[in-house]
Amino acid sequence: MGHRIAELTEPERAEVGRILGRAFATEPVFITQLPDSAERLACCTALFTASLGHALRYGGAIGIRQNGGPLLGAAYWTYKPEPELSETEQAALGFTAVFSRWGEQLEPIGRAEAEALQSFEGVPQPWRYLAAIGIEPESQGQGLGSQLLTNLVAAARASGQPFALMTDRAINVPFYERAGFRTIRYEPVTDLGVPLWSMLLQS
């Protein structure tokens, strides 16, 4: 059976948040900040559910499913620079609850991301930032992530807007390079205890 990629909508947000929570709960950057696996899964699920809601308002999101089956993965991006969110909007999206519970653990990630984003200061605005791409753990290794990324790269190229991302895993670097991204900044040591690669889609 084939797979179908489609834009995501608000009613799918909770389902996608659970998928991405499972996909990212084993990422080094989250393991270093939240050693407890149950707490880490809860945090990732809530964080990505909120972040997806933000992307649906200020960017875009796509999901992949087997024809006639459930969602197997998703990816989303936001425009940079981002609009300043009001307290009301932060609460509605779920960010207030996330940072109320896990703010101390997530703060180093936020600082590292903000610092790494400085790598893109000279990029023409607005530009697209790949905030997340994740596949259900049992469906990984089947090329689904590549299909999502190919779709996003094509859309970015069609828009004429720059497209950038960051990753903390060396294994991801060749995956993004095959799609046309190149590393513009590499930090082998960060306060998070993991390296960071800042990558930009080449024209």
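Every number in this text was worked out from the coordinates using simple rules, so none of it is lab data. Computed from a predicted structure; not experimentally measured. For neighbour counting, all protein chains shown are included, and Cβ atoms are generated from backbone atoms with ideal geometry for every residue, glycine included.
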Could you derive backbone 3J(HN,Hα) for segment 64-78 from the dihedral phi with the Karplus parameters 6.51, -1.76 and 1.60 (θ = phi - 60°), listing whole Hz in sequence and x where the residue is Gly or Pro? 10, 9, 6, 3, x, x, x, 5, 10, x, 7, 8, 8, 9, 10
In nm, to one decimal, how far is the modelled label at Ala91 from the one at Ala170, with both set 7 Å along Cα→Cβ? 4.7 nm
Hey, what do the phi angles of segment 172-177 turn into as Karplus ³J(HN,Hα) couplings, whole Hz, using 6.51/-1.76/1.60 and θ = phi - 60°, x for Gly and Pro? 7, 4, x, 4, 6, 4
When the Kirkwood radius is taken over all Cα pairs of the chain, what Stokes-Einstein diffusion coefficient follows at 10 °C and 1.306 mPa s, in µm²/s? 92 µm²/s
Between exposed GluC sites (Glu not before Pro) in the chain, where DSSP calls loop and at most 15 other Cβ atoms lie within 10 Å, what's the longest gap? 1-83
Which distance in nm do the two modelled labels at Glu177 and Ser146 give, with both placed 7 Å along the Cα-to-Cβ direction? 1.6 nm
